[in-house]
Amino acid sequence: MPHVITQSCCSDASCTFACPVNCIHPTPDEPGFATAEMLYVDPTTCVDCGACVTACPVDAIGPAHRLPEEHKVYIELNRSLAAADPANSSLGGPNPQERSRPPMAHTVPPKVLPIPSGTVISVGVIGSGPAAMYAADELLRYPGVTVDVYEKLSTPYGLARFGVAPDHTRTRKVSGLFDKVAADPNFTIHLNTEVGTDVSLEELRKRHDAIVVAVGASTDKKLGITGEDLPNVRSATDFVAWYNGHPEHKGDAVDLTHDRIVVIGNGNVALDAARILTAEPEELEGTTISPAALAALRESKVEEVVIVARRGPEHAAFTLPEALGLADERTVIVHPDPDVAETLVASSDSELVSHKLELLESLETQSDAPRRIRLRFLTTPESIEATDDGLVLHAKHSVTGEAIDLPVGMVFTSVGYRGVPVPGLPFDDRRAVLPNEAGRVLGDDGAPLPGVYVTGWIKRGPNGFIGTNKTDSQETVEKFAEDVVAGVIKGRPSGKRKRPLGRFLGA
Ligand SMILES: Cc1cc2nc3c(=O)[nH]c(=O)nc-3n(C[C@H](O)[C@H](O)[C@H](O)COP(=O)(O)OP(=O)(O)OC[C@H]3O[C@@H](n4cnc5c(N)ncnc54)[C@H](O)[C@@H]3O)c2cc1C
Ligand SMILES: NC(=O)c1ccc[n+]([C@@H]2O[C@H](COP(=O)([O-])OP(=O)(O)OC[C@H]3O[C@@H](n4cnc5c(N)ncnc54)[C@H](OP(=O)(O)O)[C@@H]3O)[C@@H](O)[C@H]2O)c1
């Protein structure tokens with residue numbers, strides 16, 4: 001029986017490097033990688049060796065015959081993704097051995113940079129989320145490079161700690177991988193150190209030979225509709241930070257006294273929020289959920305969470321693995337709508353979208369379960385109004401234009417995160433990223449700022465899984481290495497390294 005990739009796949013792609021027979025796709029250098037919702041094992045070429053299991057940082061892979069019951073659906077899903085891949089040999093594509101292999105970065109000796117003995121290149125990394133930790137991992141492959149990470153919080157790893165839902169226990173295991181990076185003798189972390197407040201970028205540029213900015217996207221996008229600032233209209237960004245015990249959200253209170261809550265947007269964050277809002281508190285006991293959030297959920301009166309999306313099911317922003325997990329764990333219903341029903345029976349060119357539509361079609365349109373999640377499509381929010389009983393979301397049907405009024409107790413907007421400017425660096429306000437070319441930060445004149453790099457959400461925008469930041473950071477560190485070779489970045493005598501402000505080992 002072959003191995004199978006399951007729900008917690010984070011697209012880190014370590015499995016593709018580890019696989020001796022190249023049966024896991026898409027690899028980072030194959031066309032579908034950037035948009036893949038999950039990787040798959042081709043069952044026709046898998047030799048069942050288990051090398052991928054050891055490489056995966058989030059326990060997403062297992063042998064088919066040992067999968068827990070709720071993951072058995074992934075046996076067929078891996079098979080069908082492989083069968084639908086035009087590059088697959090069974091469909092006339094190349095032989096698996098001839099398909100492009102990922103660069104063997106993990107199995108060859110570290111590449112060597114021209115750093116004379118007795119000198120080091122000191123790199124300062126701002127932020128300690130996945131992008132920062134993958135960048136540190138790549139940088140530390142070069143002998144002679146040292147890494148100092150600056151993190152504003154007292155706990156490292158960014159959204160891997162304060163974003164990933166507490167019930168996603170497998171995904172949270174990725175911090176074990178980051179702990180290993182942090183244990184490198186050439187790695188130092190400075191916690192409680194906010195760049196721009198506790199130390200300036202200018203000071204860091206003096207202290208280090210190169211800087212990698214990896215500050216993520218710390219705020220939320222706005223809907224821009226009337227009523228967005230009403231008291232019981234909150235962002236999912238705040239809600240997530242609250243239930244995960246983010247230090248900046250410890251004093252927050254979330255009103256769970258109403259029976260119906262609306263979440264606007266249907267990305268994976270919206271699904272996380274709905275799943276937590278409808279969880280039985282016992283499910284969350286023993287997880288990393290904040291005690292205050294768990295206490296509030298115990299008293300919660302919430303019966304229905306309505307996830308409102310402006311587009312149809314074929315454009316749902318949530319990923320198939322997350323939707324499968326949700327449907328398995330919760331009562332999920334699809335709000336009845338003739339335009340939506342039409343889409344659900346239509347076919348799609350994309351194997352993943354077809355599976356999503358099949359899943360949605362299999363769901364009920366009615367339920368009186370005590371706690372349920374309602375997926376509502378083709379509903380464009382127009383304004384939110386406060387009433388004596390709570391709130392009304394005024395919306396319109398995206399196809400017919402018909403007015404829709406939804407009385408609710410609370411609204412969470414979950415329409416994406418947004419990066420904020422880094423003092424001292426240019427900012428692309430439209431995309432809310434640092435202007436860059438493959439990770440080299442560009443100055444106001446459009447030319448690269450020597451020795452300043454960027455990675456993660458503040459480089460490409462707020463999208464992608466934890467592991468997406470690995471390939472992103474590899475690209476950035478490649479540019480750093482090219483600049484060292486070109487003499488743009490010079491080292492310093494190793495004795496001159498600044499004394500670390502503090503050292504952190506393990507989470
Ligand atoms: C709610 C949520 C749940 C998610 N769940 C999953 C999941 O289950 N699986 C998955 O694969 N992906 C998940 N993702 C996606 C994943 O978390 C992101 O791809 C990833 O965290 C982005 O990494 P980053 O390093 O760019 O940003 P972040 O993770 O945000 O890290 C940025 C870090 O920089 C620090 N920082 C910011 N400003 C400063 C400053 N001035 N000085 C010092 N430090 C600073 C921050 O405190 C933070 O630690 C989730 C995302 C969200 C929003
Ligand atoms: N378990 C996991 O793997 C996991 C968990 C959480 C997050 N993540 C990842 O983190 C990233 C961010 O997730 P996210 O959910 O914040 O963002 P997202 O996937 O980009 O979803 C944003 C949602 O907001 C909607 N939206 C945006 N602007 C809107 C507007 N003006 N009016 C109405 N709706 C609007 C979008 O609809 P349109 O599509 O119509 O624009 C979409 O439904 C994603 O890549 C996600 O996969 C992964």
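What the table below lists for this structure:
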quantity: Flag for V254 being within 16 Å of ligand 1 (Cβ to nearest atom), in contact with a helix residue (DSSP H, G or I) (Cβ under 8 Å, 6 or more places away or on another chain), assigned to a strand (DSSP E or B) and more than 29 Å from A136 (Cα to Cα); calculated: no
quantity: Filter pass, L223 being surrounded by fewer than 22 Cβ atoms within 10 Å (Cβ to Cβ) and away from ligand 2 (no atom under 16 Å from the Cβ); calculated: no
quantity: Residues of region 109-164 that turn out to be under 18 Å from H208 (Cβ atoms) and either without any contact (Cβ under 8 Å) to a residue 24 or more places away in the chain or near ligand 1 (Cβ under 6 Å from one of its atoms) (or both), as a count; calculated: 8
quantity: Enumerated strands (runs of 3 or more DSSP E) restricted to region 343-428, each holding at least 1 residues that are within 27 Å of the chain's Cα centre (by Cα) and more than 30 Å from G456 (Cβ to Cβ); calculated: 372-376, 379-387, 410-413
quantity: In region 452-468, the residues that are open to solvent by less than 10 Å² (accessible area, probe 1.4 Å) and closer than 16 Å to Y157 by Cα; calculated: T455, G456, I458, G467
quantity: Spans of helices (runs of 4 or more DSSP H) in region 1-86 with at least 1 residues surrounded by fewer than 18 Cβ atoms within 10 Å (Cβ to Cβ) and not assigned by TED's automatic domain parsing to the domain that holds G325; calculated: 51-55, 73-84
quantity: Filtered residue count, region 15-54, keeping only those that are without any contact (Cβ under 8 Å) to a residue 60 or more places away in the chain and on the phi > 0 side of the Ramachandran plot; calculated: 2
quantity: Residue within region 208-226 that is under 18 Å from the mean Cα position of the chain (by Cα), assigned to a helix (DSSP H, G or I), of a type in the set (V, I, T) and at pLDDT 95 or above present; calculated: no
quantity: Residue count for region 312-321, restricted to those that are open to solvent by less than 30 Å² (accessible area, probe 1.4 Å) and either assigned to a helix (DSSP H, G or I) or more than 14 Å from L357 (Cα to Cα) (or both); calculated: 3
quantity: Qualifying residue in region 330-344 (condition: within 30 Å of T171 (Cα to Cα), in contact with a helix residue (DSSP H, G or I) (Cβ under 7 Å, 6 or more places away or on another chain), of a type outside the set (A, V, I, L, M, F, W, C) and assigned by TED's automatic domain parsing to the domain that holds V263); calculated: yes
quantity: Any hit, region 224-231, residues being within 12 Å of ligand 1 (Cβ to nearest atom) and either in the same structural domain as Y453 (by TED's automatic domain parsing) or free of Cβ contacts under 8 Å to residues at least 40 places away in the same chain (or both); calculated: no
quantity: Inter-residue pairs, beta-carbon under 7 Å, first outside the structural domain of W242 (by TED's automatic domain parsing) and in region 264-287, second modelled with pLDDT under 95 and buried (at least 24 other Cβ atoms within 10 Å of the Cβ), 6+ apart; calculated: none
quantity: So T287, is it in a loop (DSSP other than H, G, I, E, B), surrounded by fewer than 21 Cβ atoms within 10 Å (Cβ to Cβ), over 23 Å from the mean Cα position of the chain (by Cα) and of a type in the set (S, T, Y); calculated: no
quantity: Residue within region 350-357 that is over 30 Å from A34 (Cα atoms) and either at pLDDT 95 or above or away from ligand 2 (no atom under 15 Å from the Cβ) (or both) present; calculated: no
quantity: Any hit, region 392-407, residues being open to solvent by 10 Å² or more (accessible area, probe 1.4 Å), within 16 Å of ligand 1 (Cβ to nearest atom) and either over 30 Å from P231 (Cα atoms) or in contact (Cβ under 8 Å) with a residue 40 or more places away in the chain (or both); calculated: no
quantity: Identity of the residue in region 408-442, more than 13 Å from ligand 1 (Cβ to nearest atom) and open to solvent by less than 20 Å² (accessible area, probe 1.4 Å), that ends up nearest to F480 (Cα to Cα); calculated: V441
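Residues checked against (1) open to solvent by less than 30 Å² (accessible area, probe 1.4 Å); (2) closer than 30 Å to L324 by Cβ; (3) among the acidic types (D, E); (4) in the same structural domain as P423 (by TED's automatic domain parsing):
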{"site": "E151", "(1), (2), (3), (4)": "yes, no, yes, yes"}
{"site": "S154", "(1), (2), (3), (4)": "no, no, no, yes"}
{"site": "V181", "(1), (2), (3), (4)": "yes, no, no, yes"}
{"site": "D184", "(1), (2), (3), (4)": "no, no, yes, yes"}
{"site": "E194", "(1), (2), (3), (4)": "no, no, yes, yes"}
{"site": "T197", "(1), (2), (3), (4)": "no, no, no, yes"}
{"site": "S200", "(1), (2), (3), (4)": "no, no, no, yes"}
{"site": "F239", "(1), (2), (3), (4)": "yes, yes, no, no"}
{"site": "K250", "(1), (2), (3), (4)": "no, no, no, no"}
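The values are calculated or read from the model by the stated rules, or taken from the named source; none is laboratory data. Keep in mind the model is a prediction, meaning the values are calculated, not measured. We place every Cβ from the backbone using ideal geometry, glycine too, and count neighbours over all the protein chains shown. Remember, those area values only see protein heavy atoms, side chains included, never the ligands or the DNA or RNA. Shrake-Rupley method; radii C 1.70, N 1.55, O 1.52, S 1.80 Å.
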